[in-house]
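> Here it is: the structure, laid out below.
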Ligand SMILES: Cc1cc2nc3c(=O)[nH]c(=O)nc-3n(C[C@H](O)[C@H](O)[C@H](O)COP(=O)(O)OP(=O)(O)OC[C@H]3O[C@@H](n4cnc5c(N)ncnc54)[C@H](O)[C@@H]3O)c2cc1C
Ligand code: FES
């Protein structure tokens, strides 16, 4: 439970309110993280927040943080050389898709951050990769430095709710992009992260198209405190999402999510 000091080695502004921090251990690195897992990041004197890894390079951790409140704002203000406390790794990891399967990534806004490692790993695999992302506005787009590389190797489609002058892409819900997704629904693993209504709508469409519930995996968020399965804050039905999630397939998450919606 004691945070380990990590130094901010790099800070990259992704959009107006979102920053990617690269964190390097001061002395002792935490055990290796796997894509999909999360850390509790402690902004000294402010507080802690759960943040998924958006990349892992050796013992360097990358976290992409959207400023929404006091902890995430403090983390976004951190500059290279500043110190941050880190606990983890916590939770479940993204599964490895069966060899030869296509990969479909569907993200809403900051939900693209936990999915970034899935995209990076899938670019090196055989099989098709389709990335569908929905943002509220064009200015919220993440990872602009990496998009050209992704686009060379994968299908990347971006839609927005509210276009601004100059936007030439699609407008509307990310689910509308599913019709043009370059993946075989009978041989596809789908990775989802974003607002829950967006994930529910996407799951409904994927099930209708024949993707099995076990092949639809989601990263879920709940209020988290301990991160270790002790306090019960992150309960979703029979699941403690810090321990049994955040990555859960629809076969396990569907029922408790439907109950929590009622
Ligand atoms: C497993 C897990 C992984 C996460 N990964 C990431 C990540 O990679 N990048 C990232 O930017 N955020 C991520 N989050 C969300 C992040 O933890 C919260 O944004 C953060 O805890 C907010 O804390 P705060 O003190 O800054 O804001 P608070 O003061 O706690 O909240 C400020 C406002 O934001 C709203 N808010 C708080 N938490 C959330 C949330 N989870 N979703 C939507 N609105 C929220 C509150 O209702 C309030 O209106 C993750 C959450 C979980 C559980
Ligand atoms: S955050 Fe404490 S049990 Fe999950």
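Computed from the coordinates by the stated procedures, all read-outs in this text should not be read as laboratory data. This one's a predicted model, so the numbers in the text were calculated from it and none came from an experiment. Every residue, glycine as well, gets a Cβ built from its backbone with ideal geometry; the counts of neighbours run over all protein chains shown.
> Each label point is 7 Å from the Cα along the Cα-to-Cβ direction; what then is the distance between the points at residue 161 and residue 145, in nm?
2.9 nm
> Then there's this: What percent do you get for the relative contact order of the range 4-90 when only Cα pairs under 8 Å and 6+ apart count?
39 percent
> May I pose another question? Pick out which of 64, 159, 228 has the largest mean-square fluctuation in a Gaussian network model of the chain, springs linking Cα atoms closer than 10 Å.
Comparing 64, 159, 228 in a Gaussian network model of the chain, the most mobile one is 228.
> Specify the angular offset, from 0 to 90 degrees and rounded to the nearest 10, of the alpha carbon long axis of helix 196-208 from the longest principal axis of the alpha carbons in the chain.
40 degrees
> I'd like the orientation of helix 112-123 relative to the chain: the angle between its Cα long axis and the longest Cα principal axis, in ° from 0 to 90, rounded to 10.
Here the helix axis deviates by roughly 70 degrees.
> If neighbour count is taken as other Cβ atoms inside 10 Å, put 44, 143 in order from fewest to most.
44, 143
> Any idea how far the Cα center of the range 48-86 sits from the one of the range 127-166, in Å?
Result: 23 Å between the Cα centres.
> Give me the base-10 log of I(q)/I(0) for the range 102-259 at each q in 0.10, 0.17, 0.20 Å⁻¹, Debye formula, one uniform scatterer per Cα, rounded to two decimals.
Debye curve over Cα of the range 102-259, log10 I(q)/I(0) at q = 0.10, 0.17, 0.20 Å⁻¹: -0.37, -1.00, -1.29.
> Percent antiparallel among DSSP beta bridges with both residues in the chain, to the nearest 5?
The answer is about 60 percent antiparallel.
> Per the Kirkwood formula on distinct C-alpha pairs, the Rh of the range 176-262 is how many angstrom?
Its Kirkwood hydrodynamic radius stands at 13.7 Å.
> Same structure again: Given the options 184, 222, 208, which has the most mean-square fluctuation in a GNM of the chain, springs set between C-alpha atoms less than 10 angstrom apart?
208
> Additional query: Rule-of-thumb check for the range 1-137: C-alpha Rg over 2.2 N^0.38 Å?
Compactness ratio reported: 1.07.
> Restricting to Cα pairs below 8 Å that are 6+ residues apart, what does the relative contact order work out to for the chain? Please round to a whole percent.
Dividing the mean separation by the residue count of the chain yields 17 percent.
> Relative to the present Cα-Cα distance, how much length would full extension add between residue 136 and residue 214 at 0.36 nm per residue of separation?
Length difference between fully extended and current span is 25.2 nm.
> Shifting gears a bit: With each run of n ≥ 4 DSSP H residues scored as -39500 (n - 2.57), what mean residue ellipticity at 222 nm is computed for the chain after dividing by its residue count and rounding to the nearest 500 deg cm²/dmol?
Theoretical 222 nm ellipticity from helices: -6000 deg cm²/dmol.
> For the chain, with a Gaussian network of springs between Cα atoms less than 10 Å apart, report the residue from 63, 28, 233 with the top mean-square fluctuation.
28
> Would you mind checking the tilt of helix 250-261 against the longest principal axis of the Cα atoms of the chain, expressed as 0 to 90 degrees and rounded to 10?
That helix lies at roughly 80 degrees to the long axis.
> For the range 91-235, what is the percent of antiparallel DSSP beta bridges, rounded to the nearest 5?
Given both bridge residues lie in the range 91-235, the antiparallel proportion sits at roughly 0 percent.
> Please give the contour-minus-distance gain from residue 67 to residue 235: 0.36 nm per residue of separation, less the Cα-Cα distance, rounded to one decimal in nm.
The residue 67-residue 235 span can extend by a further 58.0 nm.
> Show me the ranking of peptides 45-58, 188-201 by mean Cβ neighbours inside 10 Å, starting with the highest.
Most protected by this proxy first, the peptides run 188-201, 45-58.
> A follow-up question, please. With N residues in the range 19-74, what two-decimal value do you get for its Cα radius of gyration over 2.2 N^0.38 Å?
1.10
> Per the Kirkwood formula on distinct C-alpha pairs, the Rh of the range 138-184 is how many angstrom?
Taking every pair of different Cα atoms in the range 138-184, averaging 1/r and inverting gives 12.0 Å.
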